[in-house]
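Take a look at the structure set out below.
Here, each number is a calculation from the coordinates, and none is a lab measurement. In this text the structure is predicted, and so the values were computed from the model without any measurement. Backbone-built Cβ (ideal geometry, glycine too); neighbour counts: all protein chains shown.
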Amino acid sequence: MSEWRGRDLGTKTVTYEDTQPILYALAVGAGASDLDLVFEERLRVLPTFALTLAQWAPDALASAGAFDARTTLHGMQRLRALKPLPRSGSVEMKAHVAEVWDKGSAAVFEVAVESDYFEATWSLFAPGRGGFGGDRGPSARRHPDREPDGSLTVQTSPDQAALYRLLGDRHHLHIDPEAAKTAGMPRPIMHGLCTLAAITLPLASSQGAHPADLTELEGRFAAPVFPGDELRVDTWKDAPATLFEAAVDDRTVISAARARFA
Ligand SMILES: C/C=C/C(=O)SCCNC(=O)CCNC(=O)[C@H](O)C(C)(C)COP(=O)(O)OP(=O)(O)OC[C@H]1O[C@@H](n2cnc3c(N)ncnc32)[C@H](O)[C@@H]1OP(=O)(O)O
């Protein structure tokens, strides 16, 4: 597995119309009254939309044979927004494998994507690919050892993954009950990136910020979220950022998470 470290995944230019960032905003929980997110005349593109543009990079690593895409799970995500994405236009990106960690039972592949607009890292948790004598890598940061400063509720919709997948991540795990079973899930699950982005909308409101002013975001997908689940999101101030964790029925689903707004 170590041979994948440093592997160049190439460059890609993705072109889009304003329909995509609007559809994206609706898919992650924006409503018709969020005019800055859904009305082309006022549109500000959510920075997390960049992650749909860059989906080709982890997919390229799967196609190259590093892991089995049917059983590999998206483990963690980081995003740093460098400048606002255009309402429509082209974004050029380049990607490489930054790290391969050996977790014993699994390998974790880190795919780094860079562009003028953002930098992002995907961690892909590939069961059965560990035990190759590599470094274990860092363990996840724990949330602060004190009561949360705040709490939010995010209600996902039963149709949310079906909508979100139209933005580019069409892995069958999110729509097909048989594919979900192959990945060890009782039914199709939410895209981790959809859940994470859905949290940033009420999180921004709770900070008096605009969701399009997100500059940094990270989080670990600790357990699957199912379309229709209600999330409780606990938050801790960590100026200038906010730390958070999300749970469904006291089961932590997103851990070691952090967001910062300009
Ligand atoms: C193509 C798919 C796209 C998607 O969008 S999938 C949807 C989003 N993702 C999910 O829903 C995944 C939900 N997460 C999980 O189900 C679990 O979470 C995992 C199966 C990924 C891992 O759980 P477990 O096998 O029980 O791992 P452990 O025993 O807790 O930890 C073993 C080592 O693996 C590291 N690790 C655990 N979880 C993650 C993660 N999510 N991302 C990266 N690394 C992880 C830990 O730190 C530790 O290593 P250390 O002992 O060195 O600390």
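Residues that are out of contact with any Phe, Trp or Tyr (no Cβ under 9 Å at 6 or more places or on another chain) and over 20 Å from Ser63 (Cα atoms) were ranked within the range 93-113; the one that is surrounded by the fewest Cβ atoms within 10 Å (Cβ to Cβ) is Gly104.
Ser33 satisfies every condition listed in (1) part of a loop (DSSP other than H, G, I, E, B); (2) within 16 Å of the ligand (Cβ to nearest atom) except (2). Can you find even one residue in the range 132-145 that is of a type in the set (Phe, Trp, Tyr), within 11 Å of the ligand (Cβ to nearest atom) and touching a strand residue (DSSP E or B) at 6+ places or on another chain (Cβ under 8 Å)? No, every residue in the range 132-145 fails to be of a type in the set (Phe, Trp, Tyr), within 11 Å of the ligand (Cβ to nearest atom) and touching a strand residue (DSSP E or B) at 6+ places or on another chain (Cβ under 8 Å).
When the range 219-251 is filtered for residues that are touching an Asp or Glu at 6+ places or on another chain (Cβ under 6 Å) and either of a type in the set (A, V, I, L, M) or exposed (fewer than 15 other Cβ atoms within 10 Å of the Cβ) (or both), the ones remaining, listed by number, are Lys237, Val248. Among residues that are small (Gly, Ala, Ser), under 17 Å from Leu193 (Cβ atoms) and without any contact (Cβ under 8 Å) to a residue 60 or more places away in the chain, Ala112 is included. Checked against the criteria, Asp135 counts as of a type in the set (Asp, Glu), out of contact with any helix residue (DSSP H, G or I) (no Cβ under 6 Å at 6 or more places or on another chain), touching a residue at least 24 places away in the same chain (Cβ under 8 Å) and not in a strand (DSSP E or B). Within the range 38-84, the residues that satisfy the criterion of being assigned to a loop (DSSP other than H, G, I, E, B), surrounded by fewer than 22 Cβ atoms within 10 Å (Cβ to Cβ) and in contact (Cβ under 8 Å) with a residue 24 or more places away in the chain are Glu40, Leu43, Arg44, Gln55, Ala64, Asp68, Ala69, Arg70, Thr71, Leu82, Lys83, Pro84.
Looking across the range 203-218, the residues that are surrounded by fewer than 22 Cβ atoms within 10 Å (Cβ to Cβ), outside any helix (DSSP H, G or I) and in contact (Cβ under 8 Å) with a residue 12 or more places away in the chain come down to Gln207, Ala209, His210, Thr215, Glu216, Glu218. Being aliphatic (A, V, I, L, M) and more than 9 Å from the ligand (Cβ to nearest atom) is a property that Ala209 has.
Taking (1) within 18 Å of Thr11 (Cα to Cα); (2) more than 19 Å from the chain's Cα centre (by Cα) in turn, Pro127 satisfies each apart from (1).
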